[in-house]
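In what follows, a structure is listed as structure tokens, so that the remarks can point back to it.
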Amino acid sequence: MKNTFMCMAIVAIALSACNNNTTEEKKTNDTTNSAATAAPVTGGSSVKDIVEHYLHIKNALTKDDGKEAANGGKALADVFAKFDQSSLTAEQKKTFTDIQADAKEHAEHISVNAEKIAHQREHFATLSKDVYDLVKTLGGGQTLYNDFCPMYNNNKGATWLSETKDIKNPYLGKTMPTCGTVKETIQ
Amino acid sequence: MRRAKKIGLLLLVIFIAIQFLQPARNKSGQVMPTDISRTVPVSPAVSALLKTGCYDCHSNNTNYPWYATVQPIGWIVNGHIQKGKAELNFSEFGSYTIRRQKSKLKSIANQVNDNSMPLASYTFIHKNAKLSKEDKALIIDWATQTNEAISTKQ
């Protein structure tokens with residue numbers, strides 16, 4: 001009988017414990033990660049890092065590679081979280097915080113949906129607008145092209161940022177790699 | 001035989017024991033000032049669809065079915081509510097920044113269009129929450145138009 005009670009208690013605790021600690025788990029993961037990978041000298045990340053990981057996702061999507069896009073999403077969420085705001089003006093901080101709250105979510109969704117590339121692309125569309133606003137406010141550190149694909153999402157269209165002038169479409173991928181036009185060059 | 005009986009008894013005891021581990025209820029009982037219906041225009045038809053189809057997992061008020069009091073089903077239901085609310089909470093929509101409001105409206109249109117929401121496990125039991133083609137169009141149009149109407153104050 002004693003044994004029965006022990007088993008019961010253990011099972012009950014195990015069941016209740018695995019129920020609601022997903023967020024907790026994520027947090028601890030994050031901290032261990034940042035401890036392991038944080039660069040030794042620089043404290044936080046910059047716009048350059050954000051653009052780099054955003055382009056990582058973009059380039060993976062042009063190749064229909066959901067898994068690689070997910071890797072980019074994870075890295076992007078990470079650099080958004082660790083962004084160094086110390087050099088920003090009060091006004092810039094406000095804009096950044098606004099963009100960060102939204103963009104981080106999209107990056108996270110992209111990171112956990114490696115098997116659902118259509119869903120990754122939905123989030124990428126909104127993310128692109130966020131990152132566009134960010135580089136317009138803070139500067140991108142490199143020349144970027146704001147491209148537009150009119151066919152995506154039942155001809156509603158969507159934009160994305162690219163580091164090259166040639167069109168490589170992240171929404172339609174290999175089915176229509178060159179669909180789209182450069183709308184704006186951001187220096 | 002004795003062994004099987006013992007195991008059966010053990011499972012029964014576990015089942016009874018876990019009934020005492022009830023997750024906290026998601027029921028505030030009031031319409032928050034930040035509710036989406038007080039933030040942006042929502043027609044009565046759309047509001048009704050959101051309430052039957054989405055509020056159980058995406059608001060501070062869940063209409064619990066009786067079997068949600070039976071564990072471990074209640075835990076699964078609770079997991080959906082916690083995750084769903086973290087993604088999108090119609091009761092707190094007004095506290096989101098304009099950017100996030102727009103972003104969520106876009107996600108709503110996408111999720112409904114892709115048949116990803118309401119969750120299939122939910123419509124399987126709640127037949128009345130299943131969205132017809134017309135229902136879907138109604139929600140998508142509303143979400144798209146509302147998104148366009150909210151101006152990004154920049």
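Kirkwood Rh, the range B:25-153, all Cα pairs: how many Å?
Working: mean 1/r = 0.0664 Å⁻¹.
Evaluated over the range B:25-153, this radius sits at 15.1 Å.
Put a plus charge on the Cβ of each Lys and Arg, a minus charge on the Cβ of each Asp and Glu, and nothing anywhere else: the dipole of the protein assembly as shown about its Cα centre is then about 1220 debye.
Label reach from A:Val182 (point 7 Å along Cα→C-beta): in the range A:126-166, amide nitrogens under 18 Å belong to A:132, A:136, A:140-150, A:159-166. The long axis of helix B:44-53 is offset from the longest Cα principal axis of chain B by roughly 20 degrees. Dipole size of the range A:24-186 about its Cα centre, with +1 on Lys/Arg Cβ and -1 on Asp/Glu Cβ: approximately 320 debye, rounded to the nearest 20.
Centre-to-centre separation between the Cα atoms of the range A:86-105 and those of the range A:140-187: 24 Å.
Our coupling estimate for the range A:79-94, obtained by passing each phi through the Karplus curve with A = 6.51, B = -1.76, C = 1.60 and θ = phi - 60°, is 6, 5, 5, 9, 4, 8, 8, 5, 8, 8, 6, 4, 5, 5, 4, 4 Hz, Gly and Pro reported as x. Taking every alpha-carbon pair in the protein assembly as shown and binning the separations at 10 Å intervals from zero gives 5, 21, 28, 24, 14, 6, 2, 0 percent.
Mind pulling the angle between the C-alpha long axis of helix B:133-149 and the longest principal axis of chain B? Nearest 10 degrees, somewhere in 0 to 90. Approximately 50 degrees, to the nearest ten. In chain B, taking the dipole from charged Cβ atoms about the Cα centre, the farthest positive-side position among B:Asn113, B:Val31, B:Ala17 is held by B:Ala17.
For the residues of B:10-18, the average number of beta carbons from a partner chain within 10 Å of their own beta carbon is 4. Excluding same-chain neighbours fewer than eight residues apart, the lysines reachable from B:Lys130 by a Cα-Cα span under 22 Å are B:Lys51, B:Lys83, B:Lys85, B:Lys104, B:Lys106.
Enumerate the residues in the range B:122-149 having an amide nitrogen under 18 Å from the point lying 7 Å beyond the Cα of B:Ala45 toward its Cβ. Under cut-off, by backbone N: B:129-147. Three semi-axes describe the equivalent ellipsoid of the range A:24-186; taken as square roots of 5 times the Cα gyration tensor eigenvalues and ordered largest first, they are 26, 19, 13 Å. Whole-Hz Karplus values for the range B:116-123 come out as 7, 10, x, 3, 4, 5, 7, 5 Hz, taken residue by residue from phi with 6.51 cos²θ - 1.76 cosθ + 1.60 and θ = phi - 60°; glycine and proline positions read x.
Peptide packing for A:90-103, A:172-185, A:110-123 was compared via the average number of neighbouring C-beta atoms within 10 Å per residue; ordered from the highest value, the list is A:110-123, A:90-103, A:172-185. Taken about its Cα centre, chain B carries a charge dipole of about 700 debye when Lys and Arg each add +1 at the Cβ and Asp and Glu each add -1 at the Cβ. Close amide H pairs (under 5 Å, H built 1.01 Å from N) link A:Glu184 with A:Asn146, residues at least 5 positions away or on another chain.
Each of A:Thr175, B:Gln71, B:Ile98 was scored by the projection of its Cα onto the charge dipole of the protein assembly as shown, and the greatest displacement toward the positive side belongs to B:Gln71; charges sit on the C-beta of Lys, Arg, Asp and Glu.
Since every read-out is calculated from the coordinates, none of them should be taken as a lab result. Quick caveat: nothing in here was measured; it's all calculated off a predicted structure. Reconstructed Cβ throughout: ideal geometry from the backbone, glycine too, with neighbour counts over all protein chains shown.
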